[in-house]
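The structure appears below as structure tokens.
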Amino acid sequence: MKTTTLDGILLKKALIGGVNYLVKNKDEVNALNVFPVPDGDTGTNMSLTAKSSMKLINEVENDKSLNEVAKAAARGSLMGARGNSGVILSQLFRGFSEGLEGLEEANISQLAHAFKKASETTYNAVMKPTEGTILTVGRETADFAMKNFKKYDDAILFFEDVIKEANISLDKTPEKLEVLKEAGVVDAGGKGLVLILEGAYKALTGEEIGFVEEDEILKKKAQKQIDFGPADESIKYGYCTEFIINTEYEDIEAFKEKLSPLGDCLLVVGGAGSGLIKVHVHTNNPGQALEHAVALGALQDIKIDNMRFQHREILFDEEEVEAAKEEEIKEEEFAIDKKYSFIVVSMGSGMSDVFNSLGVDYIVEGGQTMNPSTEDLLKGVDKVRGENIFIIPNNSNIILAAEQAQKLSDRNIIVIPTKSVPEGVASILAFNEDTTPEQNKKHMLSAAEDVVSAQVTYAVRDTEIKGKKITTGDIIGLSDKDIVSCGKTVAEVTIELIDSLMNEDISMVTLYCGEDTKEEDSNAILGKLEEKYSDLDIDLVYGGQPIYYYVISLE
């Protein structure tokens, strides 16, 4: 039986299939990272962005309407966009939605025009489009659709050939982008787009893809433990207390009223015949909370953490805890009572300490492998009180998401497109409270540009880049998207990297030590550098960042 049109129900089925198929294969996309470094996150970013769209799709009441389903996909992906690939994917969804504006169902011609609109929207969203990327795959696929749609009277057969063209375009990406050819890979973002199309086709033709559970990256983010060092007595309620009650009791509101006086960040969910109530509360008296709970039934999964020493969220994921905190903030009178606020993206407790010491108002946790979403950045915007808000992304893969947050907010947001922590630190140091936002932006951009940033990490696969043969496990030094040094030891590569980047204008070198570096090793490197560059100011700072042994700033 021919399928001549696509309605909301079929589009919903296709989109969910596409999302699940991408998430199932995201590691394949991550592995296509051009550089052999352990921060390939294109697949993760695209899958998290796509899953955000799926959440809103599932909330559409009138899912018979093609227009409503497409709009939900666009809204969800826009808020959940992570990394450059995720932002571009959100623009594809947005353009596709605009191409279906007002339609309850679409014929093949209208679907082809929606593909074309999707491609045009992505190109408009990027200041300097690069061919050989997801942009190219989207454009060439759309061009095929527009050129050939009249030949088809079955949407499924049309879609099948569109996907064939998408794969042909993907296979040709190394011919258009030298760095892909040299690395021997196709474009990761383009591969992600093809997987979405293939998953959608599989769903439409009846193949069962299955529901994908929450990504491991988010589970790790929610469950990890962060050591804050010495006790922090400034925390009002010191014990993060969580537990589950096995009970038939269903008056959730009454139970919340009992727990409410004990602390803050209160979450009580369950009941309604489930037989379980899940509780989260920050309190100074966890015993009293447990006494109230045990009166209702048997307890399980009891977790009590002293937040003055550490912070854990186990039973509740990060989104639930943040929601509770947001409710408390809403209850307080919010006022814009200062001229400037800073929102900074930072990865590692030491890095965050550095930015806190510089007077940053809000830190969004993230960086390589865990790019925050547009929504994460907007949450920060909602919590700061400055009339003018600077967002410092500190990663080239987060800049687009920051710019999306800027467009979506009615606050005066200025994005300083920093690509590294050293650039972020330099830009904030150049800030002057007494000058205008425009003058500050100019000075901060200039300061960021004057910093040379570098990183030391390890290779995750064999490759050859610009004549350098690299073997899995080798230590590599990078700067400005180039592999500058490689070798077998961290010390050797770090010193060679700094030597290569040194010039007569450099007066200060700062090494931010990662979570996997040992203090004695760092001190040994420091000693060699001080002996070699006795006229420079060279410092070690604990950054605590993952993946990179050192993030280096040369000023």
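The values are calculated or read from the model by the stated rules, or taken from the named source; none is laboratory data. This is a predicted model, so every value here is computed, not measured. Reconstructed Cβ throughout: ideal geometry from the backbone, glycine too, with neighbour counts over all protein chains shown.
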### Message
Can you find, within segment 57-80, the residue that is farthest from Gln91 (Cα to Cα) among those that are in contact with a strand residue (DSSP E or B) (Cβ under 8 Å, 6 or more places away or on another chain) and in a helix (DSSP H, G or I)?
### Response
Leu66
### Message
Condition first: buried (at least 24 other Cβ atoms within 10 Å of the Cβ), touching a residue at least 24 places away in the same chain (Cβ under 8 Å) and on the phi > 0 side of the Ramachandran plot. Can you find one or more residues in segment 76-84 that meet it?
### Response
yes
### Query
So which of Asp499, Asp505 ends up being surrounded by fewer than 13 Cβ atoms within 10 Å (Cβ to Cβ), not hydrophobic (A, V, I, L, M, F, W, C) and not in a strand (DSSP E or B)?
Asp505
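Can you tell me how many residues within segment 416-461 are farther than 30 Å from Ile498 by Cβ and not charged (D, E, K, R)?
Taking segment 416-461 and keeping what is farther than 30 Å from Ile498 by Cβ, we get 432-441.
So of that shortlist, the ones also not charged (D, E, K, R) come out as 432, 435-437, 439-440.
Count: 6.
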## Note on the structure
If we ask which residues in segment 283-305 are in contact with a Lys or Arg (Cβ under 8 Å, 6 or more places away or on another chain) and assigned to a helix (DSSP H, G or I), their number turns out to be 1
### Summary
Quick count over segment 142-160, residues being touching a residue at least 12 places away in the same chain (Cβ under 8 Å), under 15 Å from Lys2 (Cβ atoms) and loosely packed, with under 14 Cβ neighbours inside 10 Å, is 2
### Query
When you look at Ser65, is it outside the structural domain of Glu375 (by TED's automatic domain parsing), within 23 Å of the chain's Cα centre (by Cα) and modelled with pLDDT under 95, yes or no?
no
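A quick yes/no check of all residues on (1) closer than 21 Å to Ser373 by Cα; (2) of a type outside the set (A, V, I, L, M); (3) outside the structural domain of Tyr512 (by TED's automatic domain parsing):
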| site | (1), (2), (3) |
| --- | --- |
| Leu408 | yes, no, yes |
| Arg411 | yes, yes, yes |
| Ile428 | no, no, yes |
| Lys441 | no, yes, yes |
